[in-house]
1. In nm, to one decimal, how far is the Ser25 label point from the Thr100 one, both placed 7 Å along Cα→Cβ?
2. Pop out the ³J(HN,Hα) list for the range 67-78 in order, Karplus 6.51 cos²θ - 1.76 cosθ + 1.60 with θ = phi - 60°, rounded to Hz; leave Gly and Pro as x.
3. Where a Cα-Cα gap under 14 Å defines reach, which aspartates and glutamates qualify for Lys32, not counting those fewer than 8 residues away within the same chain?
4. Determine the share of the chain's accessible area contributed by carbon and sulfur atoms, expressed in whole percent, with a 1.4 angstrom probe.
5. Going highest first, how would you order 91-97, 111-117 by mean Cβ packing within 10 Å?
6. Under 8 Å for C-alpha pairs, at least 6 residues apart: give me the relative contact order for the chain, rounded to a whole percent.
7. Let's test the formula: R0 of 30 Å, r as the Cβ-Cβ distance of Gln44 and Arg66. What FRET efficiency results, to the nearest 0.05?
8. Taking only protein heavy atoms and a 1.4 Å probe, what accessible area per residue, in Å², does the chain have with all protein chains in place?
Amino acid sequence: QVQLVESGGGWVQAGGSLRLSCAASGSIFSIKAMGWYRQAPGKQRELVAIITSVGVTTYADSVKGRFTSSRDNAKNTVNLQMNSLKPEDTAVYYCYARVTYTDPNDEYNYWGQGTQVTVSS
């Protein structure tokens, strides 16, 4: 089992910045990818940013140029720096990790508990 603990989030006015952090712990053999998803009220959960173990980062089009994600493989942590926040960024943000153990083809998905980000206009 892997536990993902998030920190950060909160309330900010439009144009402001927030930083989210996530740390993974537990029975970790290899984290193939680590990143962030978000879910706004009445909407499906969507990808925000994800980083592979070799450092390839994918961002949602809606956050490109505003959000930056970074990962520390040695510490099993991932961060999300959110700048120029907009009201439409309001959502619960979830840390995500895709983990493998002895079989590299057998992948497991883990989620954090979620942290609220609210951007007021």
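The values are calculated or read from the model by the stated rules, or taken from the named source; none is laboratory data. For clarity, every value in this text was computed on a predicted model and none was experimentally measured. We place every Cβ from the backbone using ideal geometry, glycine too, and count neighbours over all the protein chains shown. Accessible surface areas use protein heavy atoms only, side chains included; no ligands, DNA or RNA. Shrake-Rupley method; radii C 1.70, N 1.55, O 1.52, S 1.80 Å.
1. With each label placed 7 Å out from Cα toward Cβ, I get 2.7 nm.
2. Values, residue by residue: 10, 9, 10, 9, 9, 10, 5, 5, 9, 6, 10, 9 Hz.
3. In chain and number order, the partners are Asp72, Asp103, Asp106, Glu107.
4. After summing per-atom areas, the C and S share lands at 48 percent.
5. Values: 91-97: 21.9, 111-117: 16.7.
The packing order, highest mean first, is 91-97, 111-117.
6. Normalised by residue count, the contact order of the chain is 36 percent.
7. Efficiency, rounded to the nearest 0.05: 0.90.
8. 53
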